[in-house]
């Protein structure tokens, strides 16, 4: 059953969407609500805000009655949600941070100074990826948490596979071809067994200790693991208070610093010599994904209760300060996670200072091609260096960026669209693939 009501000063909100929404989430609901029952409630930041209540717990906020009407179509089909472009831009920055590591220290280049120190800890960009992934999936799919996760599990997973698998498969096969041609070295972990594990996207689940083939795809493997659990965890969080979600956020970030699973392994006498041993990365980055999910609930509560842009700008500035102060060796994952969480809160309004820094066209474009850039920049550097060893690393990085643009438009997007066209045949309605952390939009 669905009912409309005006937003109170406090409550349990989910997100804001205006009448200019772009195509987004669709959810079949029980009954078309009576929109005439909506009464506007004026607030400082969002002049007219309404709330759609789904089974008492899941909410959608729109800024005016016209926007509310546009959200409801046909026989109770919940239509578009607004893309938060600043989050897409942040994903692009995170991808560049990872690339900076592989094109400096990873390429054997030594240097000094502030920016070299930042590049030296470029692996911290992956922390931002997983926080964003949990946050954005919770944002886009939140209304579906009013239904039992099994009700939408198949189309959800198909949408996610359509998003991540085609490009992963292409880069995996390409890596095998490059090894056969002698353009990239074959490492001890590049075996037929690990190839099958990569093919199934389970290579980071603890079956082997080290990365293999296109090594960067370990993050995609863990992302798939998180997807498998996401509908159930989101279903549980949607039925809890914002205080409970804040506690989950705090505990998850604490686990990133305390690494309880690693301590447990050592307690029972198991030595984690390699990064993927015993599924440690699944635990470590799974906590970051969970933190992102809980962060979305807390952020939505802030949107409804303290809708002042200056507050969000302050979160952004403090978060950026924490990240920049700690972005040098030795770096601690939990400090970057805390700072990045504040940055995400700060830019979640898609306006103000966040829009200026991360919502401009360049940053959003980088975010859109981030998945292609992430999966291809390593192999591009190795192959290009094979044929043009004299070309400087900055030039190579720029060419890798251009190559990612080509892959994004000629491979990633067409393949994703082809698979998503099959989705409505599963159960009669469509859940699109939204923006998602390491995986792009």
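The values are calculated or read from the model by the stated rules, or taken from the named source; none is laboratory data. Everything quoted here is computed from the prediction, not taken from an experiment. A quick note on method: Cβ atoms are made from the backbone with ideal geometry, for glycine too, and the neighbour counts reach across all protein chains shown.
For residue 238, are the conditions met, namely being in the same structural domain as residue 271 (by TED's automatic domain parsing), touching a strand residue (DSSP E or B) at 6+ places or on another chain (Cβ under 8 Å) and under 25 Å from residue 295 (Cβ atoms)? Against the criterion (in the same structural domain as residue 271 (by TED's automatic domain parsing), touching a strand residue (DSSP E or B) at 6+ places or on another chain (Cβ under 8 Å) and under 25 Å from residue 295 (Cβ atoms)), residue 238 qualifies. Applying the condition of being more than 30 Å from residue 152 (Cβ to Cβ) and assigned to a helix (DSSP H, G or I) to region 233-260 and asking which residue is modelled with the highest pLDDT yields 254. Here residue 322 passes the criteria (1) modelled with pLDDT of 90 or more; (2) under 18 Å from the mean Cα position of the chain (by Cα) except the one numbered (2). Does region 324-340 include one or more residues that are touching a helix residue (DSSP H, G or I) at 6+ places or on another chain (Cβ under 8 Å), over 24 Å from residue 287 (Cβ atoms) and part of a helix (DSSP H, G or I)? Within region 324-340, not a single residue is touching a helix residue (DSSP H, G or I) at 6+ places or on another chain (Cβ under 8 Å), over 24 Å from residue 287 (Cβ atoms) and part of a helix (DSSP H, G or I). Note on region 163-181: residues that are surrounded by 17 or more Cβ atoms within 10 Å (Cβ to Cβ) and over 19 Å from residue 203 (Cα atoms) amount to 1.
Here residue 365 does not qualify as under 13 Å from residue 171 (Cβ atoms), modelled with pLDDT of 90 or more and either surrounded by fewer than 21 Cβ atoms within 10 Å (Cβ to Cβ) or over 19 Å from the mean Cα position of the chain (by Cα) (or both). For region 195-230, a residue qualifies if it is crowded, with 22+ Cβ neighbours inside 10 Å and either modelled with pLDDT under 90 or not in a helix (DSSP H, G or I) (or both), and the qualifying residues are 201, 203, 204, 211, 212, 213, 214. Against the test of being assigned by TED's automatic domain parsing to the domain that holds residue 356, crowded, with 19+ Cβ neighbours inside 10 Å, under 20 Å from the mean Cα position of the chain (by Cα) and within 30 Å of residue 101 (Cα to Cα), the options 337, 327, 300 yield a single qualifying residue, 337.
On the basis of being in the same structural domain as residue 339 (by TED's automatic domain parsing), surrounded by 14 or more Cβ atoms within 10 Å (Cβ to Cβ), under 20 Å from the mean Cα position of the chain (by Cα) and free of Cβ contacts under 8 Å to residues at least 60 places away in the same chain, does residue 245 make the cut? Answer is yes for this residue. List pairs: first residue in region 267-294 and within 20 Å of residue 216 (Cβ to Cβ) and not assigned by TED's automatic domain parsing to the domain that holds residue 142, second residue modelled with pLDDT of 75 or more and surrounded by fewer than 20 Cβ atoms within 10 Å (Cβ to Cβ) anywhere in the structure, Cβ distance under 8 angstrom, at least six positions apart or on different chains. Partner pairs satisfying both residue conditions: none exist.
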